[in-house]
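Step one of this worksheet: look at the structure below.
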Amino acid sequence: MINKAMFKQIQTYRRQGYSKGAISRALNINPRTVAKYFAMEEEGYRDYRREHLFRDKAFDPLKEEILEVYKANFFQPLLMSSVYDYLEERFDVLPGNEQTLRNYVGCLIETETLKLKRSGRLYTKVPELPFGK
């Protein structure tokens, strides 16, 4: 999926009379992508984007359970393999693999549904040592 600025550029080139191939070369994107958005109107693009951006996630049914796991661990960053193994033990069959869970947790963090406690790195300045030490 392309962003709105790229869609507007395609439409600008289309109005100027450029062919799909010329637009593809000018914007350095796949010709099939240009063909997909070439005839699309602004309203159609908005509907398409809304439909594809907010689709259901595979781990949505387990959202509360995932949040409980993080709550039990005081919202500290956890190894995704540990979370996945815990859920697999608990529910036996999961709707996706470990990478799908990683993407889902990333989505929860991005939408601020899950806020992790990130501690700053603790370090101090090391004293100057002579060469060779």
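The values are calculated or read from the model by the stated rules, or taken from the named source; none is laboratory data. Since this is a predicted model, take the numbers as computed values, not measurements. Every residue, glycine among them, receives a Cβ derived from its backbone with ideal geometry; neighbour counts consider all protein chains shown. For accessibility, only protein heavy atoms count, side chains too; no ligands or nucleic acids. Shrake-Rupley method; radii C 1.70, N 1.55, O 1.52, S 1.80 Å.
Of note:
- Comparing Gly106, Gly96, Gly17 in a Gaussian network model of the chain where C-alpha atoms under 10 Å apart are linked, the largest mean-square fluctuation is found at Gly17.
- Mean-position separation - Cα centroids, the stretch 10-44 and the stretch 83-114, in angstrom: 37
- Scalar couplings 3J(HN,Hα) for the stretch 4-20, obtained by applying the Karplus form with A = 6.51, B = -1.76, C = 1.60 to θ = phi - 60°, are 5, 5, 5, 4, 5, 5, 4, 5, 5, 4, 4, 5, 7, x, 6, 7, 4 Hz; x denotes Gly and Pro.
- Relative contact order of the stretch 20-133, pairs being alpha-carbon contacts under 8 Å that are 6 or more residues apart, as %: 21
- Convex hull per residue volume in Å³, alpha carbons only, for the stretch 7-53: 69
- Against the main long axis of the alpha-carbon atoms of the chain, helix 42-53 sits at an angle near 30°.
- Other residues within the sphere of radius under 14 Å centred on the Cβ of Arg49, judged by their own Cβ, net out at +1 (K and R +1, D and E -1).
- Nearest 10 degrees, 0 to 90: helix 98-110 Cα axis against the chain principal axis: 80
- The stretch 29-118 - accessible surface per residue (Å², probe 1.4 Å): 70
- Surface/4 estimate of mean projected area, convex hull on alpha-carbon atoms of the chain, nm²: 15.8
- Heavy-atom surface analysis with a 1.4 Å probe gives the stretch 33-133 a carbon and sulfur content of 53 percent of its accessible area.
- Annotation for the stretch 67-133: chymotrypsin sites (Phe, Trp or Tyr not before Pro) lying in DSSP loop with at most 10 further Cβ atoms inside 10 Å of their Cβ are Phe74, Tyr123, Phe131.
- With eigenvalues of the C-alpha gyration tensor scaled by 5 and rooted, the stretch 66-106, Å: 16, 12, 8
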